[in-house]
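Since the structure comes first, as structure tokens, the remarks are kept for the end.
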Amino acid sequence: MRPETLFIADLHLSAAGPERVRLFQDFVGGHARGAEALYILGDLFDAYIGDDETAFPAAAVRQSLRELAGSGTRVFFQQGNRDFLVGAGFAAATRAHLLDDYAVIDLYGCKVLVTHGDLLCTDDLKYQQARTRIRTDEWKRHALGKPLWARRLYARWYRFRSALDKRSNAPEIMDVNAGEVERVFGRFGVEAMVHGHTHRPADHDLTCGGRPVRRIVLAEWRGEGEFLRWTPEGCQRVRIVPQA
């Protein structure tokens, strides 16, 4: 395997965007093959309603990840706000390792924290309150106990409501809170943090607790894709252009 680790987030795969699903499959079957590890930091799906979902693209995505893991690349998955119902069934089907909301990893001697990123957006009080409510085991059991058709309808409504919330919120509320970022850096004592969620890709060089740190924000996939490639020499962003 090549000494490199890849990171992606916020692909928002859905049946409404088959071209994006193909781009993901091309990435998994191309760029990702031979890498030591692939970290998916949430919102791989635009709406994930349970491990029993068989409609496109859930089954196709699971198969692609299973093939990648079978080739020798370790696959890690962190739940996002759109796919927090990913569970043990998904892990078994894809051979992926499910991560907690915060996970510290060693990248060729660099101590790095990976997270989806939504927990850093503490100014969005309405979202944080809703997150606390729907992430309980009781809520998940209740939701997954409903028939698939009902969950599919709920997913459509959730996407519609989410779009309305984004339009009504001030842009700064949707971004990370600087104080929370500093607190998390101090809590885990890492040199770098990689996350998604905000759809504001950038590399932020900061000073926390008197030491230099870096916060790397992954890009959302739209017409093109992007992944972060981390090697012993450092990290770089790589664009993925759809094949003609």
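Nothing in this text is a laboratory measurement; each read-out follows from the coordinates by a stated rule. All of these numbers come straight from a predicted model, not from anything done at the bench. So basically every Cβ, Gly included, is an ideal-geometry build from the backbone, and we count neighbours across all protein chains shown.
Some observations on this one:
- Taking other Cβ atoms within 10 Å as a rough exposure proxy, T136, T231 sort from fewest to most as T136, T231.
- Here the simple spin-label model places points 7 Å from the Cα toward Cβ, and for T136 and T207 these points are separated by 4.4 nm.
- In plain terms, the chain from T122 to R187 could stretch by 21.8 nm, reckoned as 0.36 nm per residue minus the Cα-Cα distance.
- A simple count of charges around W221, restricted to other residues whose Cβ falls under 9 Å of its Cβ and scoring Lys, Arg +1 and Asp, Glu -1, yields -2.
- Note on W157, W230: ascending count of other Cβ atoms within 10 Å places them as W157, W230, the fewest first.
- Residue-averaged 222 nm ellipticity for the chain, from DSSP H runs of 4+ at -39500 (n - 2.57), nearest 500: -10500 deg cm²/dmol
- By the beta-carbon count within 10 Å of each Cβ, the least crowded to most crowded order of T54, T115, fewest first, is T54, T115.
- Here the extension length gained between A92 and V104 equals 2.1 nm, from 0.36 nm per residue of separation less the Cα-Cα distance.
- Share antiparallel - DSSP beta bridges, the range 2-240, percent rounded to 5: 50
- Near S71: Cβ cut-off under 11 Å, other residues only, Lys/Arg at +1 and Asp/Glu at -1. The net charge is +3.
- Cα gyration tensor shape for the range 1-97, rounded if a/c is under 1.5, else prolate or oblate: prolate
- Leading residue at positive end of dipole, the range 104-244 (Cβ point charges), from W149, A130, A178: W149
- Cα gyration tensor shape for the range 2-240, rounded if a/c is under 1.5, else prolate or oblate: oblate
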